[in-house]
Amino acid sequence: MQVYSVRDAAEADFVQCMRDLKAMGYDGVELAGTYGMTVPQVKAILDEIGLVLVSAHLGADVMWDDALLADYAATGMRYIAVPWFHKPTDPAFLADNIEKLRVLGQRCQSFGLQMGYHNHDFELAQVPGDGRCALEAYYEEISADLLKTQLDLAWVKAGGKDPVAFLRRYPDRAPTVHMKDYVGTFGAEDFSLCPVGEGTQDVPALLDAARGVGTAWVIVEQDQPNGGRSRMECAAVSAEYLKPLL
């Protein structure tokens, strides 16, 4: 579970939230912040509950903090994901993004961490004057040892690509994926993120593709709840759907 998906419960009582996720059947979590605690404190809580600290989303600005990277590395966590980066509007902007991401990947590598990139829909749009989408350019221009994918499979689809085919383009380069689902048409009034299994995604096909490319962790993410349910209720629905498929 990407903890951002249940952030209200995590903010109210982090320990109980983690216990509840474990009871739902989640084996690990991906952090997006530490809720007023230090990284070692969070790791101790997860260890006590029996949840793996799989990865963490860190903004590019805080990835210059040596102490923070060292704290995450000391937990034994393997993966760091950049959750968002600037939308390139021309080839020069794209080239600048590529160089900055390459440097961040080198920083993570120096701490024994593997960096990935978490996409949204806009990275799937063609960069004017380049002919590629930003996501393709990042993975073509930056070596696999410095940049892995963390494909958000719903945003890949919303961006106009086949998420199964796109995932299969990166064998052995997708250690984690974000499993997300939605109903309606992206950009329209009927669009809504939903628990995994309730939307338009062919989840069994996505899981099969993930296995085929060596994905180690499928991370559930639902940015906003839907159907009048709480974030934790949505998390439980996703877990119940996924458990028999894994």
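Would you mind estimating how fast the stretch 15-63 diffuses translationally, via Stokes-Einstein at 37 °C and 0.692 mPa s with the Kirkwood radius over Cα pairs, in µm²/s? Working shown, then result.
On the way: Rh = 11.3 Å.
Rounded, D is 290 µm²/s.
In whole angstrom, note down how far apart the Cα centers of the stretch 128-166 and the stretch 1-27 are.
Result: 29 Å between the Cα centres.
Could you tell me the relative contact order of the chain? Use alpha-carbon pairs under 8 Å, at least six residues apart, and round to a whole percent. Before the final figure, lay out the partial values.
On the way: 428 pairs, mean separation 42.2, N = 246.
After rounding, I find 17 percent.
For a Förster distance of 22 Å, can you work out the FRET efficiency between the beta-carbons of GLU11 and ASP47, rounded to the nearest 0.05?
On the way: r = 21 Å, r/R0 = 0.96.
Here the calculated transfer efficiency is 0.55.
Report, for the stretch 80-199, the % of DSSP beta bridges that are antiparallel, rounded to 5. Write down the numbers at each step before the final one.
On the way: 4 of 11 bridges.
Looking only at bridges with both residues in the stretch 80-199, the antiparallel portion is about 35 percent.
Need one number: nm distance between label points at TYR241 and ALA60, each 7 Å from Cα along Cα→Cβ, rounded to one decimal.
Here the answer is 3.2 nm between the modelled labels.
Which percentage, to the nearest 5, of the DSSP beta bridges contained in the chain is antiparallel? Don't skip to the end; give the middle numbers.
Numbers: 4 of 24 bridges.
So the antiparallel bridges amount to about 15 percent of the total.
Counting only the backbone N, which residues of the stretch 86-123 are under 20 Å from the spot 7 Å out from the Cα of GLU140 toward its beta-carbon?
Under cut-off, by backbone N: 86-103, 117-123.
GluC sites (Glu not before Pro) within the stretch 1-76: which are DSSP loop residues with at most 10 other Cβ atoms inside 10 Å?
When the GluC sites (Glu not before Pro) of the stretch 1-76 are filtered for loop state and at most 10 Cβ neighbours within 10 Å, nothing remains.
Pop a pseudo-label 7 angstrom from the Cα along the beta-carbon direction at both HIS86 and GLU233 and give the gap in nm to one decimal.
Spacing of the two 7 Å Cα→Cβ label points: 4.2 nm.
Only helices at least 24 Å long along their own axis, judged from Cα atoms, and with Kyte-Doolittle mean hydropathy of -0.5 or greater: name those in the chain from DSSP H. Numbers along the way, then the final one.
Values: long enough: 91-110 (29 Å, -0.21).
For the chain, where a helix must reach 24 Å along its axis and average at least -0.5, the hits are 91-110.
At 1.4 Å probe radius, can you tell me the per residue accessible area of the chain in Å²? Please report the intermediate quantities before stating the final value.
Numbers: 10260 Å² over 246 residues.
Per residue, the chain has an accessible area of 42 Å².
If the viscosity is 1.306 mPa s and the temperature 10 °C, what Stokes-Einstein diffusion coefficient in µm²/s follows for the chain when Rh is the Kirkwood radius over Cα pairs?
Roughly 86 µm²/s, to the nearest whole number.
Given the stretch 21-129, what percent of its DSSP beta bridges are antiparallel, to the nearest 5?
Values: 0 of 11 bridges.
Around 0 percent antiparallel, to the nearest 5.
Between GLN109 and ALA70, what is the spin-label point distance in nm, taking each point 7 Å from the Cα along the Cα→C-beta axis?
Output for this residue pair reads 2.2 nm.
Along each principal axis of its Cα atoms, how long is the stretch 1-133 end to end? Whole angstroms, biggest number first, please.
That works out to 51, 29, 22 Å along the principal axes.
First compute the accessible area of the stretch 121-194 with a 1.4 Å probe, then give the percent of it belonging to carbon and sulfur atoms.
Numbers: 1310 of 2790 Å².
The computed percentage sits at 47.
The values are calculated or read from the model by the stated rules, or taken from the named source; none is laboratory data. This is a predicted model, so every value here is computed, not measured. Ideal geometry is used to build each Cβ from the backbone, glycine not excepted, and the neighbour counts take in all protein chains shown. In case anyone asks, the SASA skips ligands and DNA or RNA and just uses the protein heavy atoms, side chains included. Shrake-Rupley method; radii C 1.70, N 1.55, O 1.52, S 1.80 Å.
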